[in-house]
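The block underneath contains the structure these notes are about, expressed in C-alpha coordinates.
The values are calculated or read from the model by the stated rules, or taken from the named source; none is laboratory data. This structure is a prediction, so every number in the text was calculated from the model and none was measured. Cβ placement follows ideal geometry from the backbone for every residue including glycine, while neighbour counts extend to all protein chains displayed. Surface accessibility is based on the protein's heavy atoms, side chains included, excluding ligands, DNA and RNA. Shrake-Rupley method; radii C 1.70, N 1.55, O 1.52, S 1.80 Å.
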Amino acid sequence: MRMYDILHKKREGGELSTEEISWLVRAVTEGSVPDYQISALLMAIYFKGMTPDETVDLTWEMARSGDMADLSPIPGVKVDKHSTGGVGDKTSLIVGPIAAARGVKIAKMSGRGLGHTGGTVDKLESIPGLHMDVPRERFYEIVNKTGIALVGQSGSLCPADKKLYALRDVTNTVDSLPLIAASIMSKKLAAGADAILLDVKLGSGAFMKTLPEAVELAELMVDTGNRAERRTAAMITDMDMPLGRCIGNALEVREAVEILRGDGDSRLTELSLELAAGMITLAGLAPDNSSALAKARETVASGSAFKTLCDMVSAQGGDASCLEDTSKLPLSPWELTVSAPESGYITALDAETCGLAAMELGAGRENKDDEIDYGAGIVLLANKGAAVESGQPIAKLYAQSEAQCAQAKERFLCAITIEKERPDVQPLIIKRIGI
(Lines give C-alpha, C1' and ligand atoms only; values in the text may rest on other atoms or scores of the structure.)
Protein backbone atom coordinates (compact mmCIF):
# COMPACT_ATOMS: atom_id res chain seq x y z
CA MET A 1 0.00 0.00 0.00
CA ARG A 2 1.29 3.48 -0.90
CA MET A 3 0.57 6.83 0.71
CA TYR A 4 0.53 8.38 -2.76
CA ASP A 5 -2.47 6.23 -3.76
CA ILE A 6 -4.36 7.05 -0.56
CA LEU A 7 -3.68 10.76 -1.15
CA HIS A 8 -4.94 10.58 -4.73
CA LYS A 9 -8.08 8.68 -3.73
CA LYS A 10 -9.06 11.18 -1.04
CA ARG A 11 -8.17 14.18 -3.21
CA GLU A 12 -10.68 12.90 -5.76
CA GLY A 13 -13.35 12.50 -3.08
CA GLY A 14 -13.12 8.72 -2.77
CA GLU A 15 -13.91 6.73 0.38
CA LEU A 16 -10.94 5.12 2.09
CA SER A 17 -11.38 1.46 3.03
CA THR A 18 -10.95 0.08 6.53
CA GLU A 19 -7.68 -1.50 5.41
CA GLU A 20 -6.36 1.77 3.99
CA ILE A 21 -7.19 3.70 7.16
CA SER A 22 -5.61 0.98 9.30
CA TRP A 23 -2.43 1.13 7.22
CA LEU A 24 -2.44 4.93 7.34
CA VAL A 25 -2.75 5.19 11.14
CA ARG A 26 -0.10 2.53 11.65
CA ALA A 27 2.24 4.43 9.31
CA VAL A 28 1.58 7.71 11.12
CA THR A 29 2.27 6.11 14.50
CA GLU A 30 5.47 4.44 13.30
CA GLY A 31 6.67 7.57 11.48
CA SER A 32 7.11 5.72 8.20
CA VAL A 33 5.43 8.40 6.07
CA PRO A 34 6.73 11.98 5.82
CA ASP A 35 4.89 14.89 7.43
CA TYR A 36 4.34 16.60 4.07
CA GLN A 37 2.27 13.65 2.80
CA ILE A 38 0.24 13.47 6.01
CA SER A 39 -0.33 17.23 5.81
CA ALA A 40 -1.53 16.88 2.22
CA LEU A 41 -3.98 14.17 3.28
CA LEU A 42 -5.31 16.31 6.14
CA MET A 43 -5.98 19.13 3.69
CA ALA A 44 -7.75 16.71 1.32
CA ILE A 45 -9.92 15.52 4.20
CA TYR A 46 -10.61 19.14 5.16
CA PHE A 47 -12.04 19.86 1.70
CA LYS A 48 -13.53 16.47 0.78
CA GLY A 49 -14.70 15.32 4.20
CA MET A 50 -15.13 11.73 5.40
CA THR A 51 -18.08 9.36 5.39
CA PRO A 52 -19.48 8.10 8.71
CA ASP A 53 -17.80 4.72 8.09
CA GLU A 54 -14.44 6.41 7.44
CA THR A 55 -14.82 8.48 10.61
CA VAL A 56 -15.56 5.40 12.73
CA ASP A 57 -12.64 3.49 11.20
CA LEU A 58 -10.28 6.41 11.82
CA THR A 59 -11.54 6.76 15.39
CA TRP A 60 -11.02 3.08 16.20
CA GLU A 61 -7.60 2.91 14.59
CA MET A 62 -6.38 6.01 16.46
CA ALA A 63 -7.76 4.54 19.71
CA ARG A 64 -5.84 1.29 19.07
CA SER A 65 -2.60 3.11 18.17
CA GLY A 66 -1.61 3.14 21.86
CA ASP A 67 -2.78 1.81 25.20
CA MET A 68 -6.42 0.75 25.54
CA ALA A 69 -7.68 0.98 29.11
CA ASP A 70 -9.21 -2.20 30.50
CA LEU A 71 -11.86 -1.26 33.04
CA SER A 72 -13.18 -4.79 33.51
CA PRO A 73 -11.84 -4.95 37.13
CA ILE A 74 -14.40 -2.24 37.92
CA PRO A 75 -17.91 -3.74 38.16
CA GLY A 76 -20.90 -1.73 36.97
CA VAL A 77 -21.47 0.65 34.08
CA LYS A 78 -18.59 3.05 33.51
CA VAL A 79 -19.68 6.43 32.12
CA ASP A 80 -17.36 9.17 30.86
CA LYS A 81 -18.20 12.86 30.43
CA HIS A 82 -16.31 15.06 27.99
CA SER A 83 -16.51 18.81 27.50
CA THR A 84 -15.21 20.40 24.32
CA GLY A 85 -13.67 23.13 26.49
CA GLY A 86 -14.75 26.41 27.98
CA VAL A 87 -13.99 29.18 30.45
CA GLY A 88 -14.84 28.50 34.08
CA ASP A 89 -15.95 24.97 33.24
CA LYS A 90 -15.35 22.99 36.42
CA THR A 91 -18.28 20.63 35.89
CA SER A 92 -16.20 17.44 36.08
CA LEU A 93 -15.43 18.26 39.72
CA ILE A 94 -19.16 18.52 40.41
CA VAL A 95 -20.84 16.11 38.00
CA GLY A 96 -18.53 13.16 38.67
CA PRO A 97 -19.13 13.04 42.45
CA ILE A 98 -22.90 13.47 42.00
CA ALA A 99 -23.14 10.62 39.49
CA ALA A 100 -20.73 8.42 41.46
CA ALA A 101 -22.78 8.89 44.63
CA ARG A 102 -25.77 7.47 42.69
CA GLY A 103 -23.86 4.34 41.66
CA VAL A 104 -22.32 5.38 38.33
CA LYS A 105 -18.69 4.29 38.00
CA ILE A 106 -16.47 7.20 36.95
CA ALA A 107 -12.98 6.14 35.82
CA LYS A 108 -11.99 9.31 34.03
CA MET A 109 -8.78 10.45 32.38
CA SER A 110 -8.56 14.24 32.13
CA GLY A 111 -6.26 16.75 30.51
CA ARG A 112 -4.44 19.96 31.35
CA GLY A 113 -5.52 23.41 30.24
CA LEU A 114 -3.96 25.23 27.29
CA GLY A 115 -4.70 28.77 26.17
CA HIS A 116 -7.91 30.33 27.44
CA THR A 117 -9.58 27.05 28.46
CA GLY A 118 -8.85 25.34 31.78
CA GLY A 119 -8.04 21.70 32.47
CA THR A 120 -9.40 19.37 35.14
CA VAL A 121 -5.90 18.12 36.00
CA ASP A 122 -4.71 21.65 36.84
CA LYS A 123 -7.76 22.37 38.97
CA LEU A 124 -7.36 19.19 41.02
CA GLU A 125 -3.60 19.64 41.41
CA SER A 126 -4.32 22.91 43.23
CA ILE A 127 -5.41 20.69 46.15
CA PRO A 128 -2.26 20.04 48.23
CA GLY A 129 -0.92 16.50 47.97
CA LEU A 130 -3.35 15.24 45.34
CA HIS A 131 -1.82 12.85 42.77
CA MET A 132 -3.11 12.75 39.20
CA ASP A 133 -0.56 10.13 38.14
CA VAL A 134 -2.05 6.99 39.72
CA PRO A 135 -0.82 3.41 39.04
CA ARG A 136 -3.36 1.24 37.24
CA GLU A 137 -4.16 -1.13 40.09
CA ARG A 138 -4.55 1.76 42.51
CA PHE A 139 -6.82 3.48 39.96
CA TYR A 140 -9.12 0.44 40.00
CA GLU A 141 -9.08 0.35 43.81
CA ILE A 142 -10.06 4.00 44.12
CA VAL A 143 -12.99 3.68 41.71
CA ASN A 144 -14.21 0.51 43.40
CA LYS A 145 -13.95 2.14 46.83
CA THR A 146 -15.26 5.67 46.16
CA GLY A 147 -17.07 5.29 42.84
CA ILE A 148 -14.79 7.80 41.12
CA ALA A 149 -11.19 8.59 40.21
CA LEU A 150 -10.08 11.53 38.08
CA VAL A 151 -6.52 11.03 36.80
CA GLY A 152 -4.19 12.45 34.16
CA GLN A 153 -4.12 11.04 30.66
CA SER A 154 -1.56 8.36 29.91
CA GLY A 155 1.30 9.51 27.72
CA SER A 156 0.77 6.44 25.52
CA LEU A 157 -2.93 7.06 24.95
CA CYS A 158 -3.73 7.60 21.25
CA PRO A 159 -0.22 8.49 19.98
CA ALA A 160 -1.53 8.70 16.40
CA ASP A 161 -3.90 11.47 17.47
CA LYS A 162 -1.04 13.43 19.05
CA LYS A 163 0.90 13.33 15.77
CA LEU A 164 -2.11 14.18 13.62
CA TYR A 165 -3.20 17.02 15.90
CA ALA A 166 0.24 18.62 15.82
CA LEU A 167 0.08 18.68 12.02
CA ARG A 168 -3.54 19.87 11.99
CA ASP A 169 -2.49 22.78 14.17
CA VAL A 170 0.20 24.01 11.76
CA THR A 171 -1.73 23.29 8.52
CA ASN A 172 -4.92 25.14 9.56
CA THR A 173 -7.03 21.98 9.36
CA VAL A 174 -8.03 21.85 13.05
CA ASP A 175 -11.67 22.71 12.32
CA SER A 176 -12.38 19.68 10.11
CA LEU A 177 -15.41 18.10 11.80
CA PRO A 178 -14.53 14.45 11.01
CA LEU A 179 -11.00 15.03 12.35
CA ILE A 180 -12.35 16.74 15.49
CA ALA A 181 -14.80 13.89 16.09
CA ALA A 182 -12.17 11.21 15.56
CA SER A 183 -9.69 13.02 17.83
CA ILE A 184 -12.14 13.35 20.72
CA MET A 185 -13.84 10.00 20.36
CA SER A 186 -10.62 8.00 19.91
CA LYS A 187 -9.49 9.12 23.37
CA LYS A 188 -12.90 8.26 24.81
CA LEU A 189 -12.79 4.76 23.29
CA ALA A 190 -9.22 4.23 24.49
CA ALA A 191 -10.26 5.29 28.00
CA GLY A 192 -12.57 2.27 28.15
CA ALA A 193 -15.95 3.66 29.28
CA ASP A 194 -19.20 1.86 28.43
CA ALA A 195 -21.10 5.10 27.80
CA ILE A 196 -20.11 8.66 26.94
CA LEU A 197 -21.85 11.98 27.58
CA LEU A 198 -20.58 14.89 25.49
CA ASP A 199 -20.92 18.52 26.56
CA VAL A 200 -20.46 20.47 23.31
CA LYS A 201 -19.85 24.13 24.11
CA LEU A 202 -21.23 26.88 21.86
CA GLY A 203 -20.37 30.58 21.94
CA SER A 204 -17.60 33.13 22.30
CA GLY A 205 -15.58 31.03 24.75
CA ALA A 206 -15.98 27.79 22.80
CA PHE A 207 -14.37 26.25 19.73
CA MET A 208 -17.76 26.04 18.01
CA LYS A 209 -19.11 29.54 17.34
CA THR A 210 -22.37 28.78 15.48
CA LEU A 211 -25.28 26.48 16.32
CA PRO A 212 -25.25 24.58 12.97
CA GLU A 213 -21.54 23.75 13.47
CA ALA A 214 -22.12 22.64 17.06
CA VAL A 215 -25.10 20.45 16.08
CA GLU A 216 -23.17 18.88 13.21
CA LEU A 217 -20.19 18.08 15.45
CA ALA A 218 -22.37 16.74 18.28
CA GLU A 219 -24.40 14.53 15.94
CA LEU A 220 -21.24 13.24 14.28
CA MET A 221 -19.62 12.34 17.63
CA VAL A 222 -22.80 10.70 18.94
CA ASP A 223 -23.11 8.67 15.73
CA THR A 224 -19.42 7.71 15.89
CA GLY A 225 -19.73 6.58 19.52
CA ASN A 226 -22.88 4.56 18.89
CA ARG A 227 -21.36 2.93 15.80
CA ALA A 228 -18.40 1.99 18.01
CA GLU A 229 -20.88 0.25 20.37
CA ARG A 230 -20.63 2.86 23.12
CA ARG A 231 -23.90 4.38 24.24
CA THR A 232 -23.34 8.06 23.46
CA ALA A 233 -25.36 11.23 23.92
CA ALA A 234 -24.67 14.96 23.81
CA MET A 235 -25.85 18.30 25.12
CA ILE A 236 -25.05 21.56 23.37
CA THR A 237 -24.55 24.16 26.10
CA ASP A 238 -23.95 27.91 26.22
CA MET A 239 -20.41 29.26 26.51
CA ASP A 240 -21.13 32.83 25.44
CA MET A 241 -20.20 33.92 28.95
CA PRO A 242 -18.02 32.29 31.62
CA LEU A 243 -19.60 29.35 33.42
CA GLY A 244 -20.07 30.18 37.08
CA ARG A 245 -18.40 32.92 39.09
CA CYS A 246 -14.77 31.76 39.14
CA ILE A 247 -12.04 31.39 36.53
CA GLY A 248 -8.78 29.87 37.78
CA ASN A 249 -7.75 26.57 39.30
CA ALA A 250 -8.09 26.76 43.10
CA LEU A 251 -10.87 29.32 42.71
CA GLU A 252 -12.83 26.82 40.62
CA VAL A 253 -12.30 24.08 43.20
CA ARG A 254 -13.80 26.46 45.77
CA GLU A 255 -16.80 27.01 43.54
CA ALA A 256 -17.26 23.29 42.88
CA VAL A 257 -17.37 22.75 46.65
CA GLU A 258 -20.01 25.48 46.98
CA ILE A 259 -22.22 23.75 44.39
CA LEU A 260 -21.82 20.33 46.02
CA ARG A 261 -22.84 21.90 49.34
CA GLY A 262 -26.04 23.19 47.74
CA ASP A 263 -24.94 26.78 47.24
CA GLY A 264 -23.38 28.83 44.47
CA ASP A 265 -24.13 30.04 40.95
CA SER A 266 -27.54 28.97 39.65
CA ARG A 267 -26.50 28.40 36.01
CA LEU A 268 -23.52 26.27 37.01
CA THR A 269 -25.74 24.32 39.40
CA GLU A 270 -28.36 23.76 36.71
CA LEU A 271 -25.84 22.51 34.16
CA SER A 272 -24.07 20.27 36.65
CA LEU A 273 -27.32 18.62 37.73
CA GLU A 274 -28.41 18.11 34.10
CA LEU A 275 -25.07 16.55 33.14
CA ALA A 276 -25.12 14.30 36.20
CA ALA A 277 -28.67 13.25 35.33
CA GLY A 278 -27.50 12.42 31.81
CA MET A 279 -24.76 10.17 33.19
CA ILE A 280 -27.19 8.46 35.56
CA THR A 281 -29.57 7.84 32.64
CA LEU A 282 -26.81 6.49 30.36
CA ALA A 283 -25.79 4.11 33.16
CA GLY A 284 -29.33 2.72 33.23
CA LEU A 285 -29.84 3.79 36.86
CA ALA A 286 -32.96 5.86 36.15
CA PRO A 287 -35.84 5.23 33.71
CA ASP A 288 -35.81 8.74 32.27
CA ASN A 289 -34.07 12.09 32.54
CA SER A 290 -36.58 13.65 34.96
CA SER A 291 -36.15 10.76 37.42
CA ALA A 292 -32.38 11.00 37.06
CA LEU A 293 -32.50 14.75 37.70
CA ALA A 294 -34.46 14.18 40.92
CA LYS A 295 -31.85 11.64 42.03
CA ALA A 296 -29.05 14.12 41.29
CA ARG A 297 -30.76 16.83 43.37
CA GLU A 298 -31.29 14.43 46.28
CA THR A 299 -27.61 13.47 46.21
CA VAL A 300 -26.49 17.08 46.59
CA ALA A 301 -29.08 17.83 49.26
CA SER A 302 -28.07 14.81 51.36
CA GLY A 303 -24.37 15.74 51.29
CA SER A 304 -23.35 12.40 49.74
CA ALA A 305 -22.01 14.05 46.57
CA PHE A 306 -19.68 16.31 48.59
CA LYS A 307 -18.58 13.33 50.70
CA THR A 308 -17.77 11.41 47.51
CA LEU A 309 -15.51 14.23 46.31
CA CYS A 310 -13.74 14.29 49.69
CA ASP A 311 -13.31 10.50 49.62
CA MET A 312 -11.81 10.63 46.11
CA VAL A 313 -9.41 13.46 47.02
CA SER A 314 -8.22 11.56 50.12
CA ALA A 315 -7.82 8.33 48.14
CA GLN A 316 -5.61 10.17 45.62
CA GLY A 317 -3.41 11.58 48.39
CA GLY A 318 -4.99 15.01 48.60
CA ASP A 319 -5.72 17.03 51.72
CA ALA A 320 -9.53 16.80 51.94
CA SER A 321 -9.55 19.30 54.82
CA CYS A 322 -9.01 21.92 52.11
CA LEU A 323 -12.50 21.09 50.87
CA GLU A 324 -14.01 21.34 54.33
CA ASP A 325 -12.26 24.70 54.72
CA THR A 326 -11.56 26.13 51.26
CA SER A 327 -9.57 29.06 52.73
CA LYS A 328 -6.70 26.53 52.91
CA LEU A 329 -6.57 26.38 49.10
CA PRO A 330 -3.98 28.57 47.32
CA LEU A 331 -4.87 32.22 46.67
CA SER A 332 -2.44 34.60 44.97
CA PRO A 333 -1.36 37.58 47.11
CA TRP A 334 -2.24 40.52 44.86
CA GLU A 335 -5.92 41.44 44.62
CA LEU A 336 -7.41 44.08 42.32
CA THR A 337 -11.08 45.06 42.15
CA VAL A 338 -12.51 45.94 38.73
CA SER A 339 -15.42 48.40 38.71
CA ALA A 340 -18.11 48.97 36.10
CA PRO A 341 -17.05 51.84 33.81
CA GLU A 342 -20.68 52.98 33.36
CA SER A 343 -24.24 52.19 34.43
CA GLY A 344 -26.56 49.86 32.55
CA TYR A 345 -26.85 46.16 31.82
CA ILE A 346 -23.97 43.84 30.99
CA THR A 347 -25.01 42.78 27.49
CA ALA A 348 -21.84 40.83 26.76
CA LEU A 349 -19.07 39.25 28.83
CA ASP A 350 -16.90 37.60 26.23
CA ALA A 351 -15.82 34.27 27.66
CA GLU A 352 -12.67 33.88 25.55
CA THR A 353 -11.38 37.32 26.52
CA CYS A 354 -12.07 36.55 30.19
CA GLY A 355 -10.09 33.34 29.79
CA LEU A 356 -7.18 35.24 28.23
CA ALA A 357 -7.26 37.72 31.13
CA ALA A 358 -7.06 34.80 33.58
CA MET A 359 -4.10 33.46 31.61
CA GLU A 360 -2.33 36.82 31.98
CA LEU A 361 -2.89 36.57 35.74
CA GLY A 362 -1.03 33.23 35.68
CA ALA A 363 -4.02 30.85 35.82
CA GLY A 364 -3.40 29.36 32.36
CA ARG A 365 -0.56 28.43 30.04
CA GLU A 366 0.24 29.60 26.53
CA ASN A 367 2.57 26.65 25.89
CA LYS A 368 2.14 23.15 27.29
CA ASP A 369 5.33 23.38 29.39
CA ASP A 370 4.46 26.72 31.04
CA GLU A 371 4.03 26.72 34.82
CA ILE A 372 0.76 27.99 36.23
CA ASP A 373 -0.15 29.81 39.43
CA TYR A 374 -2.84 27.70 41.13
CA GLY A 375 -4.06 30.65 43.21
CA ALA A 376 -4.49 33.10 40.31
CA GLY A 377 -7.71 33.96 38.53
CA ILE A 378 -10.92 35.95 38.43
CA VAL A 379 -13.96 36.05 40.69
CA LEU A 380 -16.94 37.51 38.83
CA LEU A 381 -19.25 39.66 40.90
CA ALA A 382 -21.59 40.24 37.94
CA ASN A 383 -22.19 38.31 34.71
CA LYS A 384 -24.07 38.82 31.46
CA GLY A 385 -27.57 40.18 32.04
CA ALA A 386 -26.79 41.86 35.38
CA ALA A 387 -27.71 45.50 36.07
CA VAL A 388 -24.70 47.51 37.27
CA GLU A 389 -24.00 51.07 38.43
CA SER A 390 -20.94 53.06 37.42
CA GLY A 391 -18.15 52.34 39.91
CA GLN A 392 -19.80 49.15 41.19
CA PRO A 393 -17.33 46.26 41.75
CA ILE A 394 -17.89 43.65 39.03
CA ALA A 395 -14.82 41.39 39.43
CA LYS A 396 -11.80 40.64 41.58
CA LEU A 397 -8.46 39.67 40.04
CA TYR A 398 -5.78 37.61 41.80
CA ALA A 399 -2.12 37.27 40.74
CA GLN A 400 1.44 37.26 42.02
CA SER A 401 2.09 40.88 41.09
CA GLU A 402 0.43 44.26 40.77
CA ALA A 403 1.63 44.48 37.16
CA GLN A 404 -0.13 41.24 36.22
CA CYS A 405 -3.36 42.49 37.76
CA ALA A 406 -3.13 45.83 35.97
CA GLN A 407 -2.48 44.18 32.60
CA ALA A 408 -5.29 41.64 33.06
CA LYS A 409 -7.70 44.41 34.10
CA GLU A 410 -7.30 46.09 30.71
CA ARG A 411 -7.98 42.78 28.96
CA PHE A 412 -10.96 42.02 31.21
CA LEU A 413 -12.57 45.41 30.53
CA CYS A 414 -12.39 44.63 26.80
CA ALA A 415 -14.63 41.62 27.44
CA ILE A 416 -17.47 43.74 28.84
CA THR A 417 -20.20 45.55 26.95
CA ILE A 418 -22.64 47.66 28.99
CA GLU A 419 -25.79 49.05 27.38
CA LYS A 420 -29.07 50.60 28.53
CA GLU A 421 -31.38 47.73 27.52
CA ARG A 422 -31.48 44.39 29.35
CA PRO A 423 -30.13 41.66 27.02
CA ASP A 424 -31.65 38.30 26.23
CA VAL A 425 -29.61 35.50 27.82
CA GLN A 426 -29.41 32.31 25.79
CA PRO A 427 -30.74 29.12 27.43
CA LEU A 428 -28.02 27.16 29.18
CA ILE A 429 -28.90 23.87 27.47
CA ILE A 430 -29.50 24.68 23.82
CA LYS A 431 -30.07 21.21 22.39
CA ARG A 432 -30.01 17.56 23.47
CA ILE A 433 -28.96 14.74 21.18
CA GLY A 434 -29.65 11.13 22.12
CA ILE A 435 -30.86 11.88 25.63
Query raised in the report: Ranked highest first by the average count of other Cβ atoms within 10 Å around their residues, in what order do 33-44, 269-280 fall?
Result: 269-280, 33-44
Report summary line: With DSSP loop assignment and no more than 16 other C-beta atoms within 10 Å, the GluC sites (Glu not before Pro) in the stretch 316-379 are E342, E366, E371
Query raised in the report: When you count, for each residue, the other Cβ atoms within 10 Å and take the mean per peptide, how do 188-198, 300-310 rank with the highest first?
Result: 188-198, 300-310
Requested in this report: With springs connecting C-alpha atoms under 10 Å apart, model the chain as a Gaussian network and identify which of D350, D57, D169 has the largest mean-square fluctuation.
Outcome: D169
**Report entry** Solvent-accessible surface ranking, highest first, for Y374, Y165 at 1.4 angstrom
**Finding:** Y165, Y374
Report summary line: Rg/Rh of the stretch 319-415 (Cα atoms, Kirkwood Rh), to two decimals, equals 1.01
Query raised in the report: Got a sec to turn the phi values of the stretch 324-341 into Karplus ³J(HN,Hα) couplings, 6.51 cos²θ - 1.76 cosθ + 1.60 with θ = phi - 60°, whole Hz, x for Gly and Pro?
Result: 5, 10, 6, 5, 6, 6, x, 8, 5, x, 8, 10, 9, 8, 9, 10, 5, x
Query raised in the report: How big is the stretch 197-245 on each of its three principal axes, counting only the C-alpha atoms and giving the largest first in Å?
Result: 37, 23, 11
**Report entry** Whole-Å semi-axes of the ellipsoid equivalent to the stretch 1-133 (Cα gyration tensor, √5λ, descending)
**Finding:** 37, 18, 15
Report summary line: Among N144, N226, N172, the residue with the largest mean-square fluctuation in a Gaussian network model of the chain built from Cα contacts under 10 Å is N172
Query - Relative intensity, log₁₀ I(q)/I(0), of the stretch 165-302 from a Debye sum that treats every alpha carbon as a point, q = 0.14, 0.20 Å⁻¹ - result: -0.79, -1.31
**Report entry** Cα extents of the stretch 224-380 along the three principal axes, largest first (Å)
**Finding:** 49, 38, 36
Requested in this report: Quick one: dipole size for the stretch 1-70, taken about the Cα centre, charges +1 on Lys/Arg Cβ and -1 on Asp/Glu Cβ, in debye to the nearest 20.
Outcome: 320
**Report entry** Euclidean distance between Cα centres, the stretch 345-408 to the stretch 43-85, Å
**Finding:** 34
Report summary line: The answer for R231, listing residues at least 5 apart or on another chain whose modeled amide H is closer than 5 Å to its amide H, is I196
Report task. Taking only protein heavy atoms into account and a 1.4 Å probe, give the accessible area per residue of the stretch 252-362 in Å². Result -> 37
Query raised in the report: Quick one, which of (i) 134; (ii) 143; (iii) 172 is the actual volume of the Cα convex hull per residue in Å³ calculated for this model?
Result: (i)
